[in-house]
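Trainee: So that we are looking at the same thing, I have put the structure below in structure tokens.
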Amino acid sequence: MNQIRLEGEAHLKVGIFGGTFNPVHIGHLINAQFIREEFNLDFIVFIPTKYPVHKELEDNVSAEHRYQMIRLAIEGVDYFKVSRLEIDREKPSYTIYTVEEILQKNPDWELFFIIGYDAFNEINTWKEWKRLLMTIDFIIMKRPGDVLHKRFNKYMSRIHCAKNPVIEVSSSIIRDRVRNGKSIKYLLPGRVEQYIYKHGLYKSER
């Protein structure tokens, strides 16, 4: 079982991988694999957001569907977990709330928040972003041409740039291909592909 209650006593290095995962795909999984090994993390927790705060959720796919797709994608991989922490929370899915709740239950854990360059460069728009950067470390996944904004220079001791591969696969590409009747084979795990077709996801009109 890859579900996790997010509470324990042991000192662990834990990666927190948040996002809409609409849907989860091989880019997410391969990068998570590289980052876990590079930073010697005990495990990585995928935390799908219920409603994204900073962008619109395309195709209106429920948090439950997105959670189930992650569960299928990581099934059988002990060092990947998935949490319902944000989708079961009634208040907005602000990252600062998630991090503080995890640390409250697991004060001995060393947390690393996994994020892409593009999203990190807009972190100054997040709720209590300065407190967040002083609370946990960030692992930033590289993308073509991305550089850190100079506004974050004072926080560099909390920022780690990953040596992950650049994979030109995105959730939006997958959604478009489903919508246009094209194959999504090999872009995501087979069980996730089957789930998408079984539940008729991403077939809505633009």
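The values are calculated or read from the model by the stated rules, or taken from the named source; none is laboratory data. Since the structure is predicted, the reported quantities are computational estimates derived from the model, not experimental observations. Note that we place each Cβ from the backbone using ideal geometry, even for glycine, and neighbour counts take in every protein chain shown.
Trainee: Could you say whether any residue in segment 90-106 is closer than 28 Å to Tyr186 by Cα and surrounded by fewer than 17 Cβ atoms within 10 Å (Cβ to Cβ)?
Mentor: From segment 90-106, those closer than 28 Å to Tyr186 by Cα are none; that's our starting set.
Within segment 90-106 (the criterion being closer than 28 Å to Tyr186 by Cα and surrounded by fewer than 17 Cβ atoms within 10 Å (Cβ to Cβ)), the answer is no, since none of the residues qualifies.
Trainee: Continuing with the same structure: Considering only segment 128-144, I want to know if a residue exists there that is of a type outside the set (Lys, Arg), more than 25 Å from Ser93 (Cβ to Cβ) and surrounded by fewer than 16 Cβ atoms within 10 Å (Cβ to Cβ). Don't jump to the end; show me each part of the working.
Mentor: Filtering segment 128-144 for residues of a type outside the set (Lys, Arg) gives 128-129, 132-141, 144.
Then keep just the ones that are more than 25 Å from Ser93 (Cβ to Cβ); that gives 144.
Among the residues that remain, those that are also surrounded by fewer than 16 Cβ atoms within 10 Å (Cβ to Cβ) are: 144.
Looking through segment 128-144, at least one residue is of a type outside the set (Lys, Arg), more than 25 Å from Ser93 (Cβ to Cβ) and surrounded by fewer than 16 Cβ atoms within 10 Å (Cβ to Cβ).
Trainee: Here are some residues: Thr125, Thr95. Which one is touching a strand residue (DSSP E or B) at 6+ places or on another chain (Cβ under 7 Å) and of a type in the set (S, T, N, Q)? Steps first, answer last, please.
Mentor: On the way: Thr125 fails: touching a strand residue (DSSP E or B) at 6+ places or on another chain (Cβ under 7 Å).
Step by step, each of Thr125, Thr95 is checked, and only Thr95 is touching a strand residue (DSSP E or B) at 6+ places or on another chain (Cβ under 7 Å) and of a type in the set (S, T, N, Q).
Trainee: Follow-up. Just checking, which of Ile102, Ile114 is in a strand (DSSP E or B) and among the β-branched types (Val, Ile, Thr)?
Mentor: Testing whether each residue is in a strand (DSSP E or B) and among the β-branched types (Val, Ile, Thr) leaves just Ile114.
Trainee: How many of the residues in segment 107-121 are over 16 Å from the mean Cα position of the chain (by Cα) and touching a residue at least 40 places away in the same chain (Cβ under 8 Å)?
Mentor: Here the count works out to 3.
Trainee: Within segment 185-201, which residues are within 18 Å of Ile74 (Cα to Cα) and aliphatic (A, V, I, L, M)? Steps first, answer last, please.
Mentor: Taking segment 185-201 first, the residues within 18 Å of Ile74 (Cα to Cα) are 185-196.
Leu187, Leu188, Val192, Ile196, listed by residue number.
Trainee: I would also like to ask the following. Quick one: in segment 156-206, of everything that is among the charged types (D, E, K, R) and assigned to a loop (DSSP other than H, G, I, E, B), which residue is surrounded by the most Cβ atoms within 10 Å (Cβ to Cβ)? Steps first, please.
Mentor: Residues of segment 156-206 among the charged types (D, E, K, R): 158, 163, 168, 175-177, 179, 182, 185, 191, 193, 198, 203, 205-206.
Add one more test, that the residue is assigned to a loop (DSSP other than H, G, I, E, B), and what stays is 163, 168, 182, 203, 205-206.
Details: Lys163: 9, Glu168: 8, Lys182: 11, Lys203: 14, Glu205: 4, Arg206: 6.
Once the filter is applied, the top-ranked residue is Lys203.
Trainee: For a quick check of your reading of the model, give me the residue pairs whose first member lies in segment 81-94 and is part of a loop (DSSP other than H, G, I, E, B), whose second is of a type in the set (Gly, Ala, Ser) and at pLDDT 85 or above, with beta-carbon atoms closer than 6 Å and at least 6 apart or on different chains.
Mentor: Note: pairs meeting the criteria are Ile87/Ala63.
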